[in-house]
1. May I ask you to list the residues in the stretch 41-59 that are assigned to a helix (DSSP H, G or I), in contact (Cβ under 8 Å) with a residue 12 or more places away in the chain and open to solvent by less than 80 Å² (accessible area, probe 1.4 Å)?
2. With H239, H281, H265, H248 as the choices, which residue is within 25 Å of N156 (Cβ to Cβ), modelled with pLDDT under 90 and not in a loop (DSSP other than H, G, I, E, B)?
3. Only one of these is open to solvent by less than 50 Å² (accessible area, probe 1.4 Å) and assigned to a helix (DSSP H, G or I): R196, R257. Name it.
4. From I236, I229, I215, I208, which residue is touching a Ser or Thr at 6+ places or on another chain (Cβ under 6 Å) and either surrounded by 13 or more Cβ atoms within 10 Å (Cβ to Cβ) or among the β-branched types (V, I, T) (or both)?
5. Which of the residues belonging to the stretch 102-133 are open to solvent by less than 50 Å² (accessible area, probe 1.4 Å), within 15 Å of E231 (Cα to Cα) and at pLDDT below 80?
Amino acid sequence: MKLAANLEAYLEHLRSERQVSVHTLDGYRRDLGKLLTYCEKEGLADWAALDTARLRRLVARLHMEGQSARSLARLLSATRGLYRYLIREGHCRHDPANGLMPPKGERRLPKVLDVDRASQLLDGAQEDDFIARRDHAMLELFYSSGLRLSELVALNLDGLDLPAGLVRVVGKGNKVRELPVGSKAREALEQWLPLRALANPADGAVFISRQGRRIGARAVQLRVRQVGISELGQHIHPHMLRHSFASHMLESSQDLRAVQELLGHADIATTQIYTHLDFGHLSKVYDSAHPRAKRRKEQDS
């Protein structure tokens, strides 16, 4: 059949000319196989007969059947690739996926440590050596100040003001912000910095390897993961500590704007999602603060 033959020619093109991996090729075959089956059931004679309306119906049906937004986005991406090939080969003049967007997926919230687990992680027995002191200082700073991984890795000595309890970081969009450093994090840094100085640092990086070089993001991730397994018996990552910081700050202060500033979010909507602020809390804030809400409550009582 013409549909199947064209599809096989495209997959061969990906394999031989584009030299995609076997894994990638299998993914294209699965996704476009769904599209082929649909076109055959619709009685379409060739790929030119598939229009945007039909493709939209397929995406909607797959979504109702439980396909994730990510899977549907991948299907549409594979379809666009197929039609670029078909147009180039003269088999078709249009791309039915052009302008078609997948349904929005649910935003996954990162996992969070509760206060007790965070304390267990940070209050574990500390060995007095280079790696242990460095790792402990990194963990404390992540949780104390809510730093991003990139911000911690890029941190230099001139960004630390331990007497004042402040750290200055450069975040997304090169935005500079000053953050408080808690007493536990200051203590951990004060114990780490003398050991750092003995390693002949190559530059002003706060966190370095034994060889004196700035520690990389991947190395930080691995060290945080290893400490998590050792102290908690679970995998943790820097973003989990940042999220825990934000969540615990919000639970205690209920000050969304302050948490937004601490995290360096440009949009408060990001902070709402990031700190899993629920509608119940928003309702309580509204009822306690809005004049009309107060009046309604007085009338109801």
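1. Keep residues of the stretch 41-59 that are assigned to a helix (DSSP H, G or I), which gives 41, 47-49, 52-59.
Filter again for in contact (Cβ under 8 Å) with a residue 12 or more places away in the chain, leaving 47-48, 52, 54-56, 58-59.
Residues satisfying the conditions are W47, A48, T52, R54, L55, L58, V59.
2. H239
3. Numbers: R257 fails: open to solvent by less than 50 Å² (accessible area, probe 1.4 Å).
R196 is the lone residue from the list that is open to solvent by less than 50 Å² (accessible area, probe 1.4 Å) and assigned to a helix (DSSP H, G or I).
4. Numbers: I236 fails: touching a Ser or Thr at 6+ places or on another chain (Cβ under 6 Å); I229 fails: touching a Ser or Thr at 6+ places or on another chain (Cβ under 6 Å); I208 fails: touching a Ser or Thr at 6+ places or on another chain (Cβ under 6 Å).
Within the list I236, I229, I215, I208, the selection yields I215.
5. Residue satisfying the conditions is G124 alone.
The values are calculated or read from the model by the stated rules, or taken from the named source; none is laboratory data. Keep in mind that what you see is a predicted model, and the values were worked out from it rather than measured. All Cβ positions, even for glycine, are placed from backbone atoms using ideal geometry, and neighbour counts span all protein chains on display. Surface areas here come from the heavy atoms of the whole protein model, side chains and all, with no ligands, DNA or RNA. Shrake-Rupley method; radii C 1.70, N 1.55, O 1.52, S 1.80 Å.
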